[in-house]
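Below: the structure, in C-alpha cells.
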Amino acid sequence: MNKRFMLTAAGAAATGIAGSASAAIVNFTHELDRWAGEHSWEVYSSGGATVASMFIASSALNYGGASSLSMVSYPSTSSHFATVTGNLDLASGTYNVQMHDSYGDGWSWGSFVGGLAIGSGSATITGSAASFSFTVAGVPAPGALALLGLAGVAGSRRRK
C-alpha cells in the first residue's frame, strides 16, 4: 500500500515537471490563382486566438506564423499563379480556418480552382468566403513518455 502511494506521488510530481503535450509541425499547401492579391486566410485556435495567417501587404504575399516556405510559380499558365507550401508549429487541439476572397469570385481563374490544405483539413473557395476545421493530435512530452514506461516496468515487477 505504501509503495503504491509513493508511485502515485512520484507520478504526479513527474507529470508536473514533464509538462504537457508538445507542439506538432503541420504542413500546409496554398494554391493561388492569377488574382492572388485577393486571397487571405487565418487559422484560429479553439480559444479564438489567431495562430497563423496569409495576407497581402505592399504587394507581397505574407505568411504569418509559417516556416519553411517554398513557392512554385507557373508563369506559362494563364490561370494557376503559384503553389506555396510551408509548415505551422501548432499545439494539440482543434483549429478553424477562415478563407477570404476580397473580390468575391473565389480563388479561381479559367478552369483552375485554388484552395488551401492544412493538416487533415482542406477547402476551396468559390465566392467571398469559405472555412474548414482540422485537429492536431498531441505528442506526449518526453518526460511523460518516460513516466509511462516507468509505470509499466513497476507494474510488471510487482506482478512477479
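The values are calculated or read from the model by the stated rules, or taken from the named source; none is laboratory data. Owing to the predicted nature of the structure, the values given are computational and were not obtained by experimental measurement. In this analysis, Cβ positions are derived from the backbone assuming ideal geometry, glycine residues included, and neighbour counts consider all displayed protein chains.
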Since Ser70 meets every condition but one in (1) surrounded by fewer than 11 Cβ atoms within 10 Å (Cβ to Cβ); (2) at pLDDT below 95; (3) hydroxyl-bearing (Ser, Thr, Tyr), which condition does it not meet? (2)
Given the structure, is Thr94 at pLDDT 90 or above and under 19 Å from Thr50 (Cα atoms)? yes
Does Ser58 count as farther than 22 Å from Ser133 by Cα and at pLDDT 95 or above? no
Filtering region 97-118 down to residues that are at pLDDT 95 or above, of a type in the set (Gly, Ala, Ser), surrounded by fewer than 19 Cβ atoms within 10 Å (Cβ to Cβ) and not in a strand (DSSP E or B) yields Ser102, Gly104
Residue satisfying condition, being surrounded by 15 or more Cβ atoms within 10 Å (Cβ to Cβ), touching a Ser or Thr at 6+ places or on another chain (Cβ under 9 Å), free of Cβ contacts under 8 Å to residues at least 60 places away in the same chain and over 16 Å from Trp35 (Cβ atoms), within set Ala82, Ala123: Ala123
Suppose the filter is hydroxyl-bearing (Ser, Thr, Tyr), farther than 18 Å from Val136 by Cα, modelled with pLDDT of 95 or more and within 19 Å of the chain's Cα centre (by Cα); does Ser40 pass it? yes
Note down all Cβ pairs under 6 Å where the first residue falls in region 28-39 and is over 11 Å from Ser108 (Cα atoms), the second is surrounded by fewer than 18 Cβ atoms within 10 Å (Cβ to Cβ) and modelled with pLDDT under 95, and they're at least six residues apart or on different chains. Gly37/Ile56
Note: among Ala146, Ala129, just one is modelled with pLDDT of 95 or more, over 17 Å from Val26 (Cα atoms) and surrounded by fewer than 15 Cβ atoms within 10 Å (Cβ to Cβ), namely Ala129
For region 53-90, the count of residues that are assigned to a loop (DSSP other than H, G, I, E, B), among the polar types (S, T, N, Q) and in contact with a strand residue (DSSP E or B) (Cβ under 7 Å, 6 or more places away or on another chain) equals 1
